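S.K.: Sharing a structure below in structure tokens format, with a few things to ask.
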């Protein structure tokens with residue numbers, strides 16, 4: 001792994017600048033690296049993750065112990081935890097990325113002008129991508145792998161809670177790069193927990209082309225306020241499930257439970273359940289029973305509390321809160337229009353689902369809900385690049401410029417125009 005930054009021997013600002021310079025040099029090599037070399041690096045990194053499993057688990061145990069001592073919530077600890085299954089998922093994710101078509105050099109469109117000029121729009125890497133993320137150490141492999149596949153160099157700044165885990169994973173990524181003859185500076189992990197490193201990274205305008213923050217609202221707000229580099233935002237996931245009047249009761253029950261409880265600490269977990277008032281009395285009781293039996297706290301409006309005395313009162317702040325925990329807010333609405341208005345007002349434009357057997361209602365919902373991912377009769381927990389066939393993802397973009405929704409290898413490219421002539425001059 002790169003040692004461009006040595007906190008013991010240098011200031012953070014100067015060390016980060018060296019990392020930026022090294023990443024820019026590596027990006028120039030990756031931009032023209034053959035697909036075979038990038039894929040070989042990904043496959044060797046996957047093998048290294050499996051071979052280094054005991055080392056990675058030991059590092060993660062240190063992080064988990066520190067997280068428990070710090071009083072992290074059970075949901076945050078779940079985000080942090082690695083086990084055999086999750087390490088295998090990281091390795092398999094890198095193999096999936098290797099199998100994807102190489103986006104670099106793809107001709108997106110081409111046409112010929114009346115004057116004979118032949119114009120094509122061709123995918124190119126973004127360059128150097130700075131990725132700032134919290135808690136989940138698997139992002140180290142996912143982000144590094146996707147940047148490599150798309151011909152970009154990556155500077156990764158993981159969360160302080162996952163420092164040891166991310167360091168062990170980054171070592172496996174470096175092993176893959178070395179085995180393929182690619183520069184190890186192509187994937188660099190900032191080797192300090194000092195928050196000043198984030199501030200320094202955000203000023204590297206000569207070296208870094210894009211910043212991608214992945215974490216809570218406070219991180220996103222800090223990066224947005226301080227960055228001098230374009231930011232691809234991955235905001236919090238205030239995700240909704242809406243039970244329409246034409247919802248199938250069994251689908252509603254199954255999908256709602258999965259959307260909330262499969263993993264409560266991920267950005268695709270449902271945080272608010274909306275239910276048409278006309279069917280609430282028949283749909284809600286078994287759903288609430290399932291959730292409460294599984295340890296989920298329910299906060300509801302007055303109409304929902306009237307159905308079940310175990311429901312705690314919800315405030316307006318609940319509608320705009322990402323719990324990342326076993327808590328769900330529930331509100332009854334008068335119909336499709338009110339549900340859509342609620343989602344567009346209180347949601348984070350991340351992922352929202354409608355449960356309905358009415359095709360017309362589903363079409364209205366998918367057209368009018370202003371979110372990066374909109375689902376019909378499916379769990380919000382499918383908000384994942386791997387589930388979309390992208391191999392992995394860096395995150396879910398909640399903005400509208402450049403990329404939206406899951407950000408995979410293709411979304412980490414831009415394009416340029418190549419114009420071929422035979423001596424034309426402009427009159």
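The values are calculated or read from the model by the stated rules, or taken from the named source; none is laboratory data. What you see is a predicted model, and the numbers here were worked out from it, not measured in a lab. Glycine gets a Cβ as well: all are built from the backbone with ideal geometry, and neighbour counts include every protein chain shown.
S.K.: Does residue 79 fit the bill of being modelled with pLDDT under 95, within 21 Å of the chain's Cα centre (by Cα), in the same structural domain as residue 153 (by TED's automatic domain parsing) and assigned to a helix (DSSP H, G or I)?
M.R.: yes
S.K.: Return the total of residues in the stretch 236-252 being in a loop (DSSP other than H, G, I, E, B) and within 18 Å of residue 383 (Cα to Cα).
M.R.: Final tally of qualifying residues: 3.
S.K.: Out of 112, 95, which single residue is assigned by TED's automatic domain parsing to the domain that holds residue 162, touching a strand residue (DSSP E or B) at 6+ places or on another chain (Cβ under 6 Å) and more than 24 Å from residue 210 (Cβ to Cβ)? Lay out the reasoning, then the answer.
M.R.: Working: 95 fails: touching a strand residue (DSSP E or B) at 6+ places or on another chain (Cβ under 6 Å).
After ruling out the rest, the residue left standing is 112.
S.K.: Something else: Which of the strands (runs of 3 or more DSSP E) contained wholly in the stretch 334-427 include at least 1 residues that are over 24 Å from the mean Cα position of the chain (by Cα) and more than 19 Å from residue 239 (Cβ to Cβ)?
M.R.: Here the list reads 413-420.
S.K.: Here's a follow-up. Among the residues of the stretch 31-57, what is the count of those that are over 16 Å from residue 175 (Cα atoms) and surrounded by 13 or more Cβ atoms within 10 Å (Cβ to Cβ)?
M.R.: Number satisfying all stated conditions: 4.
S.K.: Just checking, how many residues over the stretch 158-190 are crowded, with 22+ Cβ neighbours inside 10 Å and either out of contact with any helix residue (DSSP H, G or I) (no Cβ under 6 Å at 6 or more places or on another chain) or not assigned by TED's automatic domain parsing to the domain that holds residue 60 (or both)?
M.R.: Going through the stretch 158-190 one residue at a time, the tally reaches 1.
S.K.: Taking the stretch 18-30 as the region of interest, how many residues are surrounded by fewer than 18 Cβ atoms within 10 Å (Cβ to Cβ), within 15 Å of residue 189 (Cα to Cα) and touching a strand residue (DSSP E or B) at 6+ places or on another chain (Cβ under 9 Å)?
M.R.: Result for the stretch 18-30: 0.
Conditions (1) touching a helix residue (DSSP H, G or I) at 6+ places or on another chain (Cβ under 9 Å); (2) at pLDDT below 95, marked per residue:
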{"residue": "195", "(1), (2)": "yes, yes"}
{"residue": "211", "(1), (2)": "yes, no"}
{"residue": "222", "(1), (2)": "yes, yes"}
{"residue": "230", "(1), (2)": "no, yes"}
{"residue": "236", "(1), (2)": "yes, yes"}
{"residue": "239", "(1), (2)": "yes, no"}
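S.K.: While we're on this one: Identify the single condition in (1) surrounded by 18 or more Cβ atoms within 10 Å (Cβ to Cβ); (2) at pLDDT below 95; (3) over 13 Å from residue 169 (Cα atoms); (4) touching a helix residue (DSSP H, G or I) at 6+ places or on another chain (Cβ under 7 Å) that residue 15 does not satisfy, given that it satisfies every other one.
M.R.: Checking residue 15 against (1) surrounded by 18 or more Cβ atoms within 10 Å (Cβ to Cβ); (2) at pLDDT below 95; (3) over 13 Å from residue 169 (Cα atoms); (4) touching a helix residue (DSSP H, G or I) at 6+ places or on another chain (Cβ under 7 Å), the one that fails is (4).
S.K.: With under 23 Å from residue 267 (Cβ atoms) and in a helix (DSSP H, G or I) as the only criterion, which of 148, 94 stands out? Full working, then the answer.
M.R.: Details: 148 fails: under 23 Å from residue 267 (Cβ atoms).
That would be 94, the only listed residue that is under 23 Å from residue 267 (Cβ atoms) and in a helix (DSSP H, G or I).
S.K.: Would you confirm whether or not the stretch 124-137 contains a residue that is out of contact with any strand residue (DSSP E or B) (no Cβ under 9 Å at 6 or more places or on another chain), crowded, with 17+ Cβ neighbours inside 10 Å and under 26 Å from residue 51 (Cβ atoms)? Let's see the steps before the verdict.
M.R.: Pass one, the stretch 124-137, residues out of contact with any strand residue (DSSP E or B) (no Cβ under 9 Å at 6 or more places or on another chain): 135, 137.
Filter once more, so that each one left must be crowded, with 17+ Cβ neighbours inside 10 Å: 135, 137.
Checking the rest, the ones that are also under 26 Å from residue 51 (Cβ atoms) come to 135, 137.
Checking the stretch 124-137: at least one residue is out of contact with any strand residue (DSSP E or B) (no Cβ under 9 Å at 6 or more places or on another chain), crowded, with 17+ Cβ neighbours inside 10 Å and under 26 Å from residue 51 (Cβ atoms).
S.K.: So residue 264 clears everything in (1) over 26 Å from residue 197 (Cβ atoms); (2) modelled with pLDDT of 95 or more except one condition, right? Which one?
M.R.: Among (1) over 26 Å from residue 197 (Cβ atoms); (2) modelled with pLDDT of 95 or more, residue 264 violates only (2).
S.K.: Next question, about the same structure. May I ask you to list the residues in the stretch 257-275 that are buried (at least 22 other Cβ atoms within 10 Å of the Cβ) and farther than 10 Å from residue 380 by Cβ?
M.R.: Selection gives 264, 272, 273, 274, 275.
S.K.: Test residue 259 against the stated conditions and say whether it is farther than 13 Å from residue 327 by Cα and either assigned by TED's automatic domain parsing to the domain that holds residue 326 or in a helix (DSSP H, G or I) (or both).
M.R.: no
S.K.: Give the residues of the stretch 284-314 that are over 17 Å from residue 240 (Cβ atoms) and part of a loop (DSSP other than H, G, I, E, B), sorted by residue number.
M.R.: 294, 295, 308, 309, 310, 311
S.K.: Run residue 54 past the list (1) under 21 Å from residue 156 (Cα atoms); (2) part of a helix (DSSP H, G or I) and report the number of the one that doesn't hold.
M.R.: (1)
S.K.: Please enumerate the residues belonging to the stretch 163-193 that are over 19 Å from residue 21 (Cα atoms) and modelled with pLDDT under 95.
M.R.: 193
S.K.: While we're looking at this one, here's another question. Would you check which residues across the stretch 353-372 are under 13 Å from residue 244 (Cα atoms) and touching a helix residue (DSSP H, G or I) at 6+ places or on another chain (Cβ under 7 Å) and list them?
M.R.: Within the stretch 353-372, 353, 354, 355, 356, 361, 364, 365 meet the criteria.
S.K.: Out of contact with any strand residue (DSSP E or B) (no Cβ under 6 Å at 6 or more places or on another chain), in contact (Cβ under 8 Å) with a residue 60 or more places away in the chain and under 27 Å from residue 93 (Cα atoms): which single residue out of 395, 408, 421 fits that description? Working first, answer last.
M.R.: Working: 395 fails: out of contact with any strand residue (DSSP E or B) (no Cβ under 6 Å at 6 or more places or on another chain); 421 fails: under 27 Å from residue 93 (Cα atoms).
Only one candidate qualifies: 408.
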